[in-house]
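The values are calculated or read from the model by the stated rules, or taken from the named source; none is laboratory data. Just so you know, these numbers come straight off a predicted model, no measurement behind them. All Cβ positions, even for glycine, are placed from backbone atoms using ideal geometry, and neighbour counts span all protein chains on display. Accessible surface is based on the protein model in full, side chains and every heavy atom, while ligands, DNA and RNA are left aside. Shrake-Rupley method; radii C 1.70, N 1.55, O 1.52, S 1.80 Å.
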Amino acid sequence: MNSIRQVPSRVKSKRTETNLGAEREHFDKQQLSSISKAINSTETPVKEKHARRIILGTHREKGAYTFWSYAIGLPLSSSAILSWKFCHVLHKVLRDGHPNSLQDCMRHYSDIAETGILWANLRDRYGYGQLVGLYTKLLCSKMEFHTKHPEIRCNLEASDELLERTAGTDINNVFQLTVEVFDYMDVELRLAEGVLRQLNTSIAISTLTAGQCKLAPLIQVVQDCSHLYHYTVKLLFKLHACLPADTLQGHRERFHDQFHSLKTFFNKARDMLYFKRLIQIPRLPDSPPNFLRASALAEHVKPMVVIPDNEEPEDQEEDDPEPLIDVSEAASVSMASQPQFSFLCNSVFSPPSPHRDLQIDSLKQEIEHLRAELEKIKAEAQRYITQLKSQINSLEAELEEQRAQKQRALVENEQLRMELEATRQRNAEHENMQVTFVEAEKRAQATELRYNKLKEKHAELVANHAELLRKSADTVKMLSATQQTQEEVARTKQQLAFEVERVKQESDMKLEEQKFELDKLRREVEEKTGEILRVKGTLQTCEKQLNTSMSSLQAEKERLMRCVSEKEAELSSLRQAAQLKESSLQQERERSSKELGDLQVKLKDKHGREEQLLKKLLEEQFALLQGTVAEAEIIIQDAVAKLDDPLHIRCTSSPDYLVSRAEATLVSIDKVHAGHAHYLKNLEDAGPLLRALAQFSHLTADTIINGSATAHMAPTDHADRLTENCRECATQSLHFLQELKSKASIKSADPASVRVIVQKILRTGLRPKGMDVGKEELGDMVDKEMAATSAAIEEAVRRIDEMMNQARRDTEGVKLEAIRLLVLASTDLQKEIVESGRGAATVKEFYARNSRWTEGLISAAKAVGWGATELVDSADRVVLHTGKYEELIVCSHEIAASTAQLVAASKVKADRGSKKLSSLQQASRHVNEMAANVVASTKTGQEQIEDKDTMDFSGMSLIKLKKEEMESQVKVLELESMLENERLRLGELRKKHYEIAGVPLEQVAQDNGLRTPSPTVPSSPKPSKPTLMKKPALAQKPNIPPKTMVMLPLICALLILNVPT
């Protein structure tokens, strides 16, 4: 019984949990569907019903958590249209969603900013990228502003009292809030200007879906801007009440700019058909408020934005609610189940019967059936509950909308009530003013009657007063008709007083009393007239304000009609003027065409004359150039002729003068190149080229002549090379001049080849290598080199003594007597040459005057000393088994060559019969003999000391012998290739040595005519490729001599010193 009673409670709790889960699932599914339909990449505006469902979802869950859970997964970076519609929906959620949506959106502030930065830097073909960047800046600014001022809601609907509380009493806070509102308005206007800039404001664009997609977010922008404009006006009036006007000059200028931009935006949006059915855009005043006048705040009217209630028809398949629960069906089910339950209870608690088992089985079946029915009822009930809840939610949403509309209606009613109250007050004041005006008019009429009677009474008294009375009457009529100002009345009063004084003097005593009364009446009339004028002005002001407020639309319509009529009249007049202008222009065009034809004929004649003159000028310039070139060729040909003139052989010149002439020629070549370029640019001016050619021809001829004269004093090889360069210079110069003669080749003429030849003349090297050494240093260098050579020889003697002592201690010590005697004989001969040739000059002056001979002498002394040192080092390495025998042979050859160079250098300046020259030659021959002995002994010792085994080929087969023969031939070919490469390398090394030493490559055997090789010394190989390149014969079986002592290389090295003591 207890279990049966507990069934309904369990069913109720389970039903509640199922209902909540199903309701949440339905809500999530509905939100996902709305978000996916509202935010997509289709270029259509966001439907209002989808946005409204998303907004209602934020109110239901009191936040935007569900919206962001789906929106965070949108691919915003893939489509600019998708990002644009996302910004639009987010703007709606911020404005109309639950207040807690702002906090949820601030959590994704960085994502929104990054999306804007991304699309601001990209360009898409629809132009949405820049708009998304502007929209994200607006959303970020909106979130920052409302986060800082949470009392102002995101829809910006706040009363003036709330704005006053937000601003506070601190003027600094008011100033800061004004700046923030300015910034807020700036981002709103920038977005609106960006959208309108991309779209054409024509009807076709605003009615297309692509245009509406961009225009749809501007509805929220209009709503925001209307409130921000009102806040700005209020805050600026408050600032002007507390701060000086000069301080707020920047604020006023910024407000004026925003006012004009906002007014332009509202006017453009108002003209678009898309906005006319969706929103009523307010009209701003013609001019901005005057903040310098505090009373202007009362004239400010808050702009109101009205959204018409014309919602879109919703789709039946998506939005029709499910039918409500069928109460009749539920009642029948419950009534059908109630008897079964009573029967069940009776059967359970009835006394036992014989058919109890059958009853239990039947009851079990009934229970199963009832359970199935119960589950079905639960499912239906859950579905009905879900439907009812959805209907409740929709009704609540409609209720919220009705409340919002009611709130807006209340605000509008309050405003209308205030306007009606103000109108009633103005009407009451107007009625009071009318009553006062009527009373004043009556008093004025009575006064006027009294004045007329008095005027009739006094008209008969004095005829002289007629003019005064006429002036008085005219003054009164003028005051009543034209409503002059108080100053004019006072001026007239003074004139009348002056006239009265003049009349007083002429009239009698009777008239003075009457005149007093007349002045009194006149003052009353003036006072009444002034009062009437003030009342009329007040009434006119009130009537003007009423007419302005009540008939603004009618005036606007009339103004537009007048503008249309004026435009049509102006258009017709412009058409007539255009026709007249067109006819006059046609006549003027015909006259101008005739004049243009005449002018063109004259211009062609003028151009023809100018072309003839220009052609004549070009021919004259070219003729001058040809004459100059011909004269230059004659000058250069004359110089070339002097090269072969026998009379010119005796002419000489110094290398320095030749260098100066060649350098001047290079400068003239640069001038010729510049003049040639100038002439090619301007064929009318050949002056620079002519002057450069004249100078070039003379300097080139001078260089050729002086080069030939310098060659007469140079050695044969140098002279031939210098003469050949001079001839080549003349040939290239004549070729360049020949190219200048023809118009076809003048553009390709280039003096670069002449410059190359002149530079070769400069690099001939006729000046001695010692030119970079001071003249006073040459003598010291000779002494130093001779002393260094002697020191090197002494060191070699000491080292060879040590080696000889180690090799054979029982032999008498010998020294490098041959080389030492050679150096001593050379030093003595050098001193003799200097003493005999210097005359009255000093030794240094003699060396400086014979600088080339001095250089040869220094070079020979260095070579002798270096050869001796290298010979000792090579002998030392051979003794220690670290050197090669070939080193001794090469050092011997170098010593012989250096000795010949030293003898030749000394022989140039020595007398033929000098005894010291004979001693030097004898010492040289002795050194050469010793060197030859060293070479022969070294080769013999090398053959004896080599350990060669007997070649035994008896155990080899024919195939193996053939294989060994082939390997031997391969090795021979490799060695021949290596030998050829080494000879080529030796030749290149000698070439480089001769270049550094200043010796021409053609002169290998002698050094500038100063060195003659000794016949006894084997000459060194030439740098060119050797002529003996034949394949050597195959090696035969050698004759092997018996082995000898190992110290023979040391003895061969000492044979150089083997002179009897």
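Overview of results
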{"item": "Yes/no for HIS230 being open to solvent by 10 Å² or more (accessible area, probe 1.4 Å), modelled with pLDDT of 90 or more and not aromatic (Phe, Trp, Tyr)", "result": "no"}
{"item": "Residue selected from region 117-155 under the condition more than 18 Å from VAL221 (Cα to Cα) and assigned to a helix (DSSP H, G or I), by the criterion most open to solvent (accessible area, probe 1.4 Å)", "result": "LYS148"}
{"item": "Every residue from region 891-947 that is open to solvent by 50 Å² or more (accessible area, probe 1.4 Å), touching a residue at least 24 places away in the same chain (Cβ under 8 Å), farther than 25 Å from VAL878 by Cβ and not in a helix (DSSP H, G or I)", "result": "ASP911"}
{"item": "For PRO688: the one exception among (1) under 23 Å from VAL640 (Cβ atoms); (2) in contact with a His (Cβ under 8 Å, 6 or more places away or on another chain)", "result": "(1)"}
{"item": "Qualifying residue in region 259-267 (condition: touching a His at 6+ places or on another chain (Cβ under 9 Å), within 20 Å of LEU191 (Cβ to Cβ), of a type in the set (Val, Ile, Thr) and part of a helix (DSSP H, G or I))", "result": "no"}
{"item": "Residue count, region 346-393 (criterion: at pLDDT below 80, assigned to a helix (DSSP H, G or I), open to solvent by less than 60 Å² (accessible area, probe 1.4 Å) and over 29 Å from GLN30 (Cα atoms))", "result": "1"}
{"item": "Out of SER77, SER83, sole residue that is among the small types (Gly, Ala, Ser), part of a helix (DSSP H, G or I) and closer than 17 Å to GLY133 by Cβ", "result": "SER83"}
{"item": "Qualifying residue in region 239-251 (condition: outside any helix (DSSP H, G or I) and small (Gly, Ala, Ser))", "result": "yes"}
{"item": "Residue list for region 95-116, filter: in contact with a Ser or Thr (Cβ under 8 Å, 6 or more places away or on another chain), open to solvent by less than 60 Å² (accessible area, probe 1.4 Å) and part of a helix (DSSP H, G or I)", "result": "SER101, LEU102, ILE112, ALA113, THR115, GLY116"}
{"item": "Wholly within region 808-885, helices (runs of 4 or more DSSP H) carrying at least 3 residues that are on the phi < 0 side of the Ramachandran plot and modelled with pLDDT of 70 or more", "result": "817-837, 851-879"}
{"item": "Residue pairs meeting the criteria (Cβ under 6 Å; at least 6 apart or on separate chains; first without any contact (Cβ under 8 Å) to a residue 12 or more places away in the chain, in region 875-889; second assigned to a helix (DSSP H, G or I))", "result": "GLY883/SER874; GLY883/ARG877"}
{"item": "Filtered residue count, region 716-758, keeping only those that are open to solvent by 70 Å² or more (accessible area, probe 1.4 Å), more than 19 Å from ASP638 (Cβ to Cβ) and hydroxyl-bearing (Ser, Thr, Tyr)", "result": "2"}
{"item": "Matching residues in region 34-74 - criterion: being within 23 Å of VAL132 (Cβ to Cβ), open to solvent by 50 Å² or more (accessible area, probe 1.4 Å) and outside any helix (DSSP H, G or I)", "result": "SER41, THR42, LYS47, ILE72, GLY73"}
{"item": "Candidate set from region 268-283 (those that are open to solvent by 60 Å² or more (accessible area, probe 1.4 Å) and part of a helix (DSSP H, G or I)); member that is modelled with the highest pLDDT", "result": "LYS268"}
{"item": "Verdict on ARG443 being assigned to a helix (DSSP H, G or I) and open to solvent by 100 Å² or more (accessible area, probe 1.4 Å)", "result": "no"}
{"item": "Check on HIS735, within 30 Å of ILE649 (Cβ to Cβ) and in contact (Cβ under 8 Å) with a residue 60 or more places away in the chain", "result": "no"}
{"item": "Unmet criterion (only one of (1) open to solvent by less than 50 Å² (accessible area, probe 1.4 Å); (2) farther than 19 Å from ILE757 by Cα; (3) touching a residue at least 24 places away in the same chain (Cβ under 8 Å); (4) more than 53 Å from the chain's Cα centre (by Cα)) for MET713", "result": "(1)"}
{"item": "Search result, residues across region 224-253 that are free of Cβ contacts under 8 Å to residues at least 12 places away in the same chain and under 28 Å from LEU139 (Cβ atoms)", "result": "GLY250, GLU253"}
{"item": "Residue under evaluation GLN198, criteria (1) over 26 Å from ALA241 (Cα atoms); (2) modelled with pLDDT of 90 or more, criterion not met", "result": "(2)"}
